[in-house]
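The values are calculated or read from the model by the stated rules, or taken from the named source; none is laboratory data. As the structure is a computational prediction, the values presented were derived from the model and not from experiment. Cβ atoms come from the backbone with ideal geometry, glycine included; neighbour counts cover every protein chain shown. Only protein heavy atoms, including side chains, enter the accessible area calculation; ligands, DNA and RNA are left aside. Shrake-Rupley method; radii C 1.70, N 1.55, O 1.52, S 1.80 Å.
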Amino acid sequence: MDSNNQDFSSTVLTAVAKKREWFDTVLLPKVQDNYRLHLTCVNTIIDVLVKKSLINPDPYKKDKKISSIVLPDDHGFNENERATQLGIRLSDYQSMLDYICNYMKFTVEQLNTEKIRKLLELNAVFNWNNLSPNSPKINSRSLFICISEAKNNSPALQTAMINDSLSKTKEALDIITAGLQELNDFIRELYKCDIRRTILQNKDFDKTKANSAQMLEEIKRLFPSCMPKRPFATDLVNEVVAEETSPNKAELQAKLLGKFKIEDSGKTEQKKNTVTSHDILMDALRILGSSSEQYSVILDKITTNHNIIQSGRKSFGDKVARLLRKVFGLPEKPEEYQVLLIDPTTKESKKEKLNYTEFHDNLAKRIKYYSAITSKQSLVFQRLDAQEDTKSLEFLNKQMTDNNQMQIVLSALDEFFKSNAPVSDRSKIKGLKMDLSMVKNILIKVNQYRAEYVALLEEKEQMMKLGITE
């Protein structure tokens, strides 16, 4: 192996290191963000199907412990089992997405070829890009039938929400699939780089072995000691040998380096500038609105938990008092809980009385309002879109403050329900931790958009001070 080849190997290793950093900081975070968007869309669709009694929620969902990607069942079932079977499979799919979004690390080191294969297989459990009554897969076919039934005689807003969720989830999965396939190709190149680094640059490698047959034999000789416990991938080893020794190696080397090119930052900046600050702000508001689906799940859970607590507290005297209030037309006594609020930043705690009825009603109103923000066709969104950005930013800032406080209160309420439910009913209490984590992820994303909006404004102001105008 001559000095030119050694220089080329060094060039490849440098380019690969930069490409790896790009995967870890740019592409893979983008893939995970799109999984979060996909999960939000799936939550919307599941919520609609459950409310219309087209599927039955999995009663054993919270008992299933998840530590790796397991594909939902895809075996056939009878038509009269559709509501139950599809409900279980969608629930399993939803749980897998939640595990991916909140527990998996999206880095080159963590995502090996086996995990990528599992992710791609999971993406295909429901053919979101082509749901059809003629689909050969029963899961996709059944989901199409249920979604079609859900749209029938539904309000225009609800139909728009379903269509919007389907459209977004198709776009998200296209980005996810392309990203994972690109990573899979890169991992193959990493294997080849390991051969270059550990074998071709090894002091024991005989550099006089210049032709392809000799180099292949030399790699085989050193492989067990240099790359122990790694499989010998003949096709990839042959690619390395060809890139080093073949008559058209210059062409192969140029092609290889082309795989490690990173998108020009100037083009990225130009692309970024085509998006206005107003668009970024509106996107932030729509992402915030997507939390309505998770809040709706939380509202159902705290209602169930509240009823369990109240059923354990209703003495004969309570029932008589309630009857008398009803007879004389007196307002119901406010239902209050003593909860422990813990500031996540300072860890300071304080006890506070929570008017549960008022809190419940306010959360229900928030869900309704946020749900409207997600649709560009809604009057709520159009009003926000038409007003000055300063007012929209003020609104967004207030909502973020309110949501952060809501997280604290809901966490306190979650602990209260778990601690105060009758012992015989504690297994029935529905925990909120996973749901709150999903809301938190949405708020983090909103915060990123808000920061991007503010940064863009500051950049424009700075340019104006310098006398630069677009």
List the GluC sites (Glu not before Pro) in segment 99-156 that DSSP assigns to loop (not H, G, I, E or B) and whose Cβ has at most 12 other Cβ atoms within 10 Å. Which are they? GLU109
Report the relative contact order of segment 148-272, percent, no decimals, based on alpha-carbon pairs under 8 angstrom and at least 6 residues apart. 19 percent
Listed by chain and number, the aspartates and glutamates with an alpha carbon less than 19 angstrom from that of LYS168, same-chain partners under 8 positions apart left out, are ASP33, ASP47, ASP98, ASP279, ASP283, GLU293
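Per the helix-only calculation at 222 nm, which mean residue ellipticity applies to the chain, given -39500 (n - 2.57) for every DSSP H run of n ≥ 4 and division by its residues, nearest 500 deg cm²/dmol? Spell out each step's value before the answer.
Details: 17 runs with 317 residues, N = 470.
When only DSSP H runs of four or more count, the value is -23000 deg cm²/dmol.
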In straight Cα distance, which aspartates and glutamates are under 16 Å from LYS428, not counting same-chain residues fewer than 8 positions off? ASP58, ASP63, ASP300, ASP414, GLU415
10 Å Cβ shell holding at most 14 others, DSSP loop, chymotrypsin sites (Phe, Trp or Tyr not before Pro): longest site-free stretch of the chain: 61-231
Shape descriptor, segment 30-90: equivalent ellipsoid semi-axes (Cα gyration tensor, sqrt 5λ, whole Å, largest first) stand at 22, 16, 12
Can you give the accessible area of LYS137, probe radius 1.4 Å, in Å² rounded to 10? 100 Å²
On a 1.4 Å probe surface of the protein chains, which of ARG117, ARG286 comes out largest in accessible area, and what is the full order? ARG117, ARG286
Can you list the equivalent-ellipsoid semi-axes of the chain, largest first and in whole Å, using the square root of 5 times each Cα gyration tensor eigenvalue? 52, 29, 23
Interatomic Cα distance distribution for segment 83-180, bins of 10 angstrom, percent: 13, 42, 33, 10, 2
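What percentage of all Cα-Cα pairs in segment 324-443 are separated by more than 24 Å?
44 percent
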Nearest-10 value in Å² for the accessible area of VAL31, using the 1.4 Å probe: 0 Å²
Please give the helix 113-123 orientation as an angle from the longest Cα principal axis of the chain, in degrees from 0 to 90, rounded to the nearest 10. 40 degrees
To test your reading of the geometry: what angle, between 0 and 90 degrees and rounded to tens, separates the Cα axis of helix 212-226 from the longest principal axis of the chain? 50 degrees
Rounded tilt (10° steps) of 356-373 against the dominant C-alpha axis of the chain: 50 degrees
With a Förster distance of 51 angstrom and the Cβ-Cβ distance between ASP73 and SER246, calculated FRET efficiency to the nearest 0.05 equals 0.60
